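The values are calculated or read from the model by the stated rules, or taken from the named source; none is laboratory data. Please read these numbers as outputs of a predicted model, since none were measured by experiment. FYI the Cβ positions are ideal-geometry reconstructions off the backbone, even for glycines, and counts take in every protein chain you see. Note: accessible area is taken over every heavy atom of the protein model, side chains too, but ligands, DNA and RNA are not part of it. Shrake-Rupley method; radii C 1.70, N 1.55, O 1.52, S 1.80 Å.
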Amino acid sequence: PLENKAAAKRYACFLSKIVLPASDSGIDRDKNAPILIDTTIDTIREFANISLGIEIEVVDMLPQDDCGLEITYGGNLDHEEGFSINVRNERVIRLAATRPVGFLYGVFELISRMQQQLPIQSCAESPDVDLRIWQLWDDLDGHIERGYSGGSLIWPVAIERYDRTFDRLAKYLASIGLNALSLNNVNACSDKNIEL
């Protein structure tokens, strides 16, 4: 939980009610839109529950003079992964993006500010580089190249099963602005290559 009770109360107001984008307002632009929007909401729910002790309510619209978070398509952004945050009347945050992935990056920005107990201010963010990658030096046998870092975060999980490990890893990467992951290195033994 956040230590600053006044900040926590203000943030709880912002996150108590959430308005999602209308399903006909751009969701068809991206086949991953439902997954990204669900992930965005799950991320807000988890933060609100753990850090603020509240449950969020998804509503069709905010009542007049109420507080909450409006997630919508739009914004004059330079990049499809960009987002804008606008604060209205110290009660409503409007998070806008041209694609659903921007919603997720915007929520991580909001959560970061709240965790640091910073004021929520209007801003617009767009990445300067399209591909932001984390290069893991994993060998396909589950070891890290030259053993510098211990065991792999991915192998042998990727070989044996798919589980929530990948969902969590993807969220962690997105929370710091990364959008790609390389699982292999240039020295990986060719006879151990497998098809993912």
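Of the residues in region 3-10, none is touching a Cys at 6+ places or on another chain (Cβ under 8 Å) and either closer than 23 Å to Asp167 by Cβ or open to solvent by 40 Å² or more (accessible area, probe 1.4 Å) (or both).
Among the residues of region 50-65, what is the count of those that are closer than 22 Å to Gln115 by Cα and open to solvent by 70 Å² or more (accessible area, probe 1.4 Å)? Counting residues in region 50-65 that are closer than 22 Å to Gln115 by Cα and open to solvent by 70 Å² or more (accessible area, probe 1.4 Å) gives 3. The set of residues in region 74-101 that are open to solvent by 20 Å² or more (accessible area, probe 1.4 Å), in contact with a helix residue (DSSP H, G or I) (Cβ under 9 Å, 6 or more places away or on another chain) and of a type outside the set (Asp, Glu) comprises Gly75, Leu77, His79, Val87, Arg91, Thr98, Arg99, Val101.
Just a yes or no: is a residue in region 40-47 surrounded by fewer than 16 Cβ atoms within 10 Å (Cβ to Cβ), among the charged types (D, E, K, R) and more than 17 Å from Ala174 (Cα to Cα)? Checking region 40-47: not a single residue is surrounded by fewer than 16 Cβ atoms within 10 Å (Cβ to Cβ), among the charged types (D, E, K, R) and more than 17 Å from Ala174 (Cα to Cα). If I filter region 26-45 down to residues being closer than 24 Å to Gln115 by Cβ and over 10 Å from the mean Cα position of the chain (by Cα), which single residue comes out as modelled with the lowest pLDDT? Restricting to residues being closer than 24 Å to Gln115 by Cβ and over 10 Å from the mean Cα position of the chain (by Cα), the top hit is Asp38.
Could we say that Arg113 is outside any loop (DSSP other than H, G, I, E, B), open to solvent by 30 Å² or more (accessible area, probe 1.4 Å) and without any contact (Cβ under 8 Å) to a residue 24 or more places away in the chain here? Judged against the criteria, Arg113 is a match. Going by the structure shown, is Phe83 at pLDDT 90 or above, under 16 Å from the mean Cα position of the chain (by Cα) and hydrophobic (A, V, I, L, M, F, W, C)? In short, yes.
With the structure loaded, tell me whether Leu104 is open to solvent by less than 30 Å² (accessible area, probe 1.4 Å), within 18 Å of Tyr172 (Cβ to Cβ) and modelled with pLDDT under 95 or whether it fails that test. Spelling it out, Leu104 is indeed open to solvent by less than 30 Å² (accessible area, probe 1.4 Å), within 18 Å of Tyr172 (Cβ to Cβ) and modelled with pLDDT under 95. Taken together, the criteria place Val129 among residues that are at pLDDT below 90 and either among the polar types (S, T, N, Q) or closer than 22 Å to Asp78 by Cα (or both).
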